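Data first, discussion second: the structure below is written as structure tokens.
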Amino acid sequence: MIGATEVMPNADSNGSILKSNGALEEKVDELRRLLGKAESDPLRIVAVGAGAWGSVFAAMLQDSYGHLRGKVQIRIWRRAGRSVDRATAEHLFEVINSREDVLRRLIRRCAYLKYVEARLGDRTLHADEILKDGFCLNMIDTPLCPLKVVTNLQEAVWDADIVINGLPSTETREVFEEISRYWKERITEPVIISLAKGVEAELEPEPRIVTPTQMINRATGVPMENILYLGGPNIASEIYNMEYANARICGAEKWRRPLAKFLRQPHFIVWDNGDLVTHEVMGGLKNVYAIGAGMIAALTNESATSKSVYFAHCTSEMIFITHLLAEEPEKLAGPLLADTYVTLLKGRNAWYGHKLAKGELSLEMGDSIKGKGMIQGVSAVKAFYELLCQSSLSTLHPEENKPVAPVELCPILKMLYKILITRERSCQAILQALRDEAMNDPRDRIEIAQTHAVYRPSLLGHQP
């Protein structure tokens, strides 16, 4: 996929290629049968949104199945008009010339000259234009395969069989409301796989979390049975570079198992799970604490001790929150911890917190950052805080022996809200909160979660 040199296969590799192609074709045929596709009608897969993960996901499918043109078509939608600035164009030119395979490909496609002109300032490139050549604006250093890019949303989705939601959670509702207008005449329901990790809080008629799959369901009327979530401890560029990774696709059994098989690759293992909403919420929760982790790293000069103290406190808050949300939270411990670990190490939310604390970014710049995309942890901080400060969800405080809103037992979440949302405190306050002598032992918070009846099924829309 990446960095491959062009060599002539020998007899043994020819046999391996034929065997591999046969296996891929079988997976496509199985999915086509399940979707009721006619022999001459290709399986149409559309990725909506061209951030790093959405673009990589589409490119992985294109690399695997793009050669089966009569049976499957893969395309990606992104908005038109986003220009590429001069500095990015210069960097892109360096990336192209450092990769012989990419350079040869562009020359062969008669596409190289425009990058020369852009570097010299004689031409303005656009994000949709470079994506066709395999360059995602949020991930310039990792060239992808060429992609079929569509900038008209109606053209992209009206006949799609499978839609990949690669949009940030903050944009999902609006875009899928528009999509619903193009699906009014559809006879069959599409299957939707959401990659979005983020949540919103809905406070009326009772407090609850709204996830991207639920937003899609409300916006389009597509039944929840046909909407799935895929997530895991994944860094997009590393996955495209064939670093070993795994993920879970969650949803109805009818679709999750065949889709897990369809999406699975030797370096990207996809498991399936029936607990859709809880996994989706956990995917948003870790982004909250990743921002704080980045701040701690910056403020302590990467002190391993300080980062471990923060990790102990933030994981105890996350365990407490999972006990509020899930009847059997222990089942989420492994996936949540793995996703949190990789996000704290290398995710964009930790990067954002680090840059804020260093003064290299400011809150006035917003949470959509050039070269990184949407920082979904910011909206997640707001959603979880607003939800957990509701008195109707009160739990018993261990020391004061009186009912308090759950957020009172989550001091890091409270401080992140004051830093990022109300902006009444500076980034340094996260360090002060960690060193507060009144801060409870993380074990106490976990014990409260495990020994008190804190589970609130209504938070995820479940009936008690």
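The table that follows gives values for the structure above.
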{"quantity": "Extreme residue, positive dipole direction of the stretch 277-460, given options Pro403, Ala350, Ser308 (C-beta unit charges)", "calculated": "Ala350"}
{"quantity": "Cα-based shape type of the stretch 314-427, given that a ≥ b ≥ c are square roots of the gyration tensor eigenvalues and the cut on a/c is 1.5", "calculated": "oblate"}
{"quantity": "Dipole magnitude of the chain, debye to nearest 20 (Cβ charges: Lys/Arg +1, Asp/Glu -1, about Cα centre)", "calculated": "980 debye"}
{"quantity": "Alpha carbon centroid spacing (whole Å) that separates the stretch 200-252 from the stretch 307-332", "calculated": "20 Å"}
{"quantity": "For the stretch 190-196, 3J(HN,Hα) per residue [Karplus equation, 6.51 cos²θ - 1.76 cosθ + 1.60, θ = phi - 60°, Hz, x = Gly/Pro]", "calculated": "x, 9, 10, 10, 9, 9, 6"}
{"quantity": "Span-like helix ranges in the chain, DSSP H, alpha carbon extent 30 angstrom or more, Kyte mean at least 0.0", "calculated": "276-299, 304-325"}
{"quantity": "Partners for Lys254 among aspartates and glutamates (Cα-Cα distance below 13 Å; same-chain residues under 8 apart left out)", "calculated": "Glu30, Glu225, Asp272"}
{"quantity": "Qualifying trypsin sites (Lys or Arg not before Pro) for the stretch 346-452 [loop in DSSP, other Cβ within 10 Å: at most 15]", "calculated": "Lys370, Arg423, Arg435"}
{"quantity": "Rounded to whole Hz, the Karplus (6.51, -1.76, 1.60) HN-Hα couplings of the stretch 228-233, x for glycine and proline", "calculated": "10, 10, 10, x, x, x"}
{"quantity": "Heavy-atom accessible area per residue - the stretch 42-111, 1.4 Å, Å²", "calculated": "42 Å²"}
{"quantity": "Part-to-part distance (alpha-carbon centres) for the stretch 136-193 and the stretch 344-394, which is given in Å", "calculated": "25 Å"}
{"quantity": "Separation between Cα centres of the stretch 416-444 and the stretch 45-80, rounded to whole Å", "calculated": "42 Å"}
{"quantity": "Taking the chain and dividing mean pair separation by its residue count, relative contact order in percent (alpha carbons under 8 Å, at least six apart)", "calculated": "14 percent"}
{"quantity": "Given 12 as the ceiling on other Cβ atoms within 10 Å, longest exposed-site-free region of the chain for GluC sites (Glu not before Pro) in DSSP loops", "calculated": "40-184"}
{"quantity": "Furthest towards positive pole of dipole, Ala196, Pro143, His126, structure part the stretch 86-198, Cβ charges", "calculated": "Pro143"}
{"quantity": "For Lys148, residues with placed amide H under 5 Å, excluding near neighbours", "calculated": "Ile76"}
{"quantity": "Given Lys27/Lys197; Lys114/Lys372; Lys71/Lys372; Lys114/Lys286; Lys184/Lys370; Lys197/Lys414, the pairs whose alpha carbons are separated by over 29 Å", "calculated": "Lys71/Lys372; Lys114/Lys286; Lys184/Lys370"}
{"quantity": "Residue-normalised accessible area of the stretch 277-460, given per residue in Å² at a 1.4 Å probe", "calculated": "42 Å²"}
{"quantity": "Protein accessible area in the chain, 1.4 Å probe - carbon and sulfur %", "calculated": "48 percent"}
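The values are calculated or read from the model by the stated rules, or taken from the named source; none is laboratory data. Owing to the predicted nature of the structure, the values given are computational and were not obtained by experimental measurement. Heads up, the Cβs are rebuilt from the backbone with ideal geometry, glycines too, and the neighbour counts pull from every protein chain shown. Surface areas here come from the heavy atoms of the whole protein model, side chains and all, with no ligands, DNA or RNA. Shrake-Rupley method; radii C 1.70, N 1.55, O 1.52, S 1.80 Å.
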